[in-house]
Amino acid sequence: MTGPRRSNAPGPDLLVRGGLGLAAGLLFALLAFPLAGLLLGAPPADLLAGLRDPAVLPAAALSLVTTTISLGLIVAGGTPLAWAIARGTGRRWRAVETLAELPAVLPPAVAGVALLLAFGRRGLLGPPLARLGVGLPFTSAAVVLAQSFVAAPFYVQAAVAAFRRLDPDLLFVARTLGAAPGRVFLTVAIPIARPALSGGAALAWARALGEFGATLMFAGNMPGRTQTLPLAIYTALESDLRTAQSLSILLVAAAFGLLVAVRAGRRA
């Protein structure tokens, strides 16, 4: 008698693994090919020539200044806000946390309209600010506000998660030794959570650096005044693809360096 014949057809496990591998490969290709096209789409000499466009330096300088100010505002206000959310309980604090995270998922156009309706001439705070001689829309301050609005949730989310992971016993010991709540926050909570806070700050800075839609609607696109690097790319696309590509690679390099630094900080 002969034994049962072995089928040459692939088994279910092999088919599943093959399907998963194909899906993963397709998604990776979707992520990799646009970057490859960006990096390899022009000779290096053309890319360097694109960086010599007169609009590049003012846009880069404005982006550096405004994102630095935005990050300072986010860290200064976001750290105590995250601490309060992490320590708070009840529906009220869950509502505060949801509102603090909401700008991260708003469409850029909605963020721009919201900023105009809050700080514009006819917005909620527009008339009081006008009486003080302050006009925010279409100024460099508007760029900072737009960047802060869309980037703050990334820092707050990271900070809340970091503070919630703190060992409650450490905080309790500090309190039993006579440390006031503010001192516990400054000398215990922040030093322990510093790696996660640094990572959140880096992500917030990257989001601020890449902000486009809300800035365009609330601050405009005025070279040397409100034109950041993303807006300069948008403008260059209309006349000089080489400059747009060069600026895009510059932002990709900044984002890549940021990711490397964040990962190095997590391993430290």
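The values are calculated or read from the model by the stated rules, or taken from the named source; none is laboratory data. Every value quoted in this text rests on a predicted model; they were computed, and no experiment measured them. FYI the Cβ positions are ideal-geometry reconstructions off the backbone, even for glycines, and counts take in every protein chain you see.
Values computed for the structure shown
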| item | result |
| --- | --- |
| Selection count, segment 76-100, where residues are β-branched (Val, Ile, Thr) and surrounded by fewer than 19 Cβ atoms within 10 Å (Cβ to Cβ) | 3 |
| Residue check, residue 177 free of Cβ contacts under 8 Å to residues at least 40 places away in the same chain and surrounded by 14 or more Cβ atoms within 10 Å (Cβ to Cβ) | no |
| Test for residue 237: is it over 17 Å from the mean Cα position of the chain (by Cα), closer than 25 Å to residue 96 by Cβ and of a type outside the set (Val, Ile, Thr) | no |
| Unique residue being surrounded by fewer than 18 Cβ atoms within 10 Å (Cβ to Cβ), in a helix (DSSP H, G or I), within 22 Å of the chain's Cα centre (by Cα) and not aromatic (Phe, Trp, Tyr) when the list is 142, 130, 161, 152 | 161 |
| Flag for residue 34 being out of contact with any Lys or Arg (no Cβ under 6 Å at 6 or more places or on another chain), at pLDDT 90 or above, exposed (fewer than 12 other Cβ atoms within 10 Å of the Cβ) and under 19 Å from residue 234 (Cβ atoms) | yes |
| Wholly within segment 177-249, helices (runs of 4 or more DSSP H) carrying at least 2 residues that are hydrophobic (A, V, I, L, M, F, W, C) and at pLDDT 90 or above | 190-209, 213-218, 229-236 |
| Hits in segment 75-126 - residues which are among the charged types (D, E, K, R) and not in a helix (DSSP H, G or I) | 121, 122 |
| Boolean, residue 27 is more than 27 Å from the chain's Cα centre (by Cα) and in a helix (DSSP H, G or I) | no |
